[in-house]
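*Asks:* Dropping a structure here in structure tokens format, bear with me for questions.
Please treat every number below as a calculation from the coordinates, not as lab data. Every value quoted in this text rests on a predicted model; they were computed, and no experiment measured them. Note that each Cβ is placed from the backbone with ideal geometry, even for glycine, and that neighbours are counted across all protein chains shown.
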Amino acid sequence: MPVYEIELSKQAAKFIDKQTPKLKKRIAQLLVKLQENPYRRDLDIKKLRHFENDYRLRIGKFRLLYTIFEERLLIYFFKADSRGDVYK
């Protein structure tokens with residue numbers, strides 16, 4: 001299976017940058033797993049309703065929203081925030 005490229009929006013990168021070193025490491029590990037297969041069943045991933053290729057990755061109380069561009073083998077994280085604020 002091909003390896004996907006990961007790209008972060010400015011907002012998502014800034015959010016991850018503000019987190020504790022322990023959480024940053026956990027996020028990095030999950031992103032590596034996603035690169036191998038963005039549809040993994042062992043991660044807490046859900047497809048967003050009303051959107052074609054948008055998903056959310058749950059990491060504790062945080063959510064990372066991303067879009068999968070199959071034709072470019074790209075996973076683009078467009079938003080990251082706490083559970084209550086990410087969907088606004």
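*Asks:* If I model a spin label as a point 7 Å beyond the Cα along the Cα-Cβ vector, how far apart are those points for D17 and S82 in nm?
*Replies:* Here the modelled spin labels are 2.1 nm apart.
*Asks:* Pick the calculated Cα Rg over 2.2 N^0.38 Å for this structure from [x] 1.68; [y] 1.52; [z] 1.01?
*Replies:* This structure yields the entry labelled [z].
*Asks:* Grab the other residues whose beta carbon is less than 13 angstrom from that of P38, score K and R as +1, D and E as -1, and report the net.
*Replies:* Details: positive: K33, R40, R41, K46, K47, R56, R72; negative: E5, E7, E36, D42, D54, E70.
Local charge sum for P38: +1.
*Asks:* Using per-residue counts of other Cβ atoms within 10 Å, averaged over each peptide, order 14-21, 44-51, 71-78 from highest down.
*Replies:* On the way: 14-21: 12.4, 44-51: 10.8, 71-78: 15.1.
Order by mean packing, descending: 71-78, 14-21, 44-51.
*Asks:* From the backbone phi of the stretch 17-29, what are the Karplus-calculated ³J(HN,Hα) couplings (6.51 cos²θ - 1.76 cosθ + 1.60, θ = phi - 60°) in whole Hz, Gly and Pro given as x?
*Replies:* With the stated coefficients, the stretch 17-29 comes to 4, 7, 7, 5, x, 5, 5, 4, 5, 5, 4, 4, 4 Hz.
*Asks:* Quick one: which of K18/K47; K61/K88; K10/K61; K33/K79; K33/K61; K22/K88 span more than 23 angstrom between C-alpha atoms?
*Replies:* Numbers: K18/K47 26 Å; K61/K88 16 Å; K10/K61 21 Å; K33/K79 19 Å; K33/K61 19 Å; K22/K88 27 Å.
K18/K47; K22/K88, as the Cα separations exceed 23 Å there.
*Asks:* If amide H atoms are built 1.01 Å from N in the plane of the peptide, which residues on other chains or at least 5 residues away come under 5 Å of the amide H of I6?
*Replies:* Hits under the 5 Å cutoff: I75.
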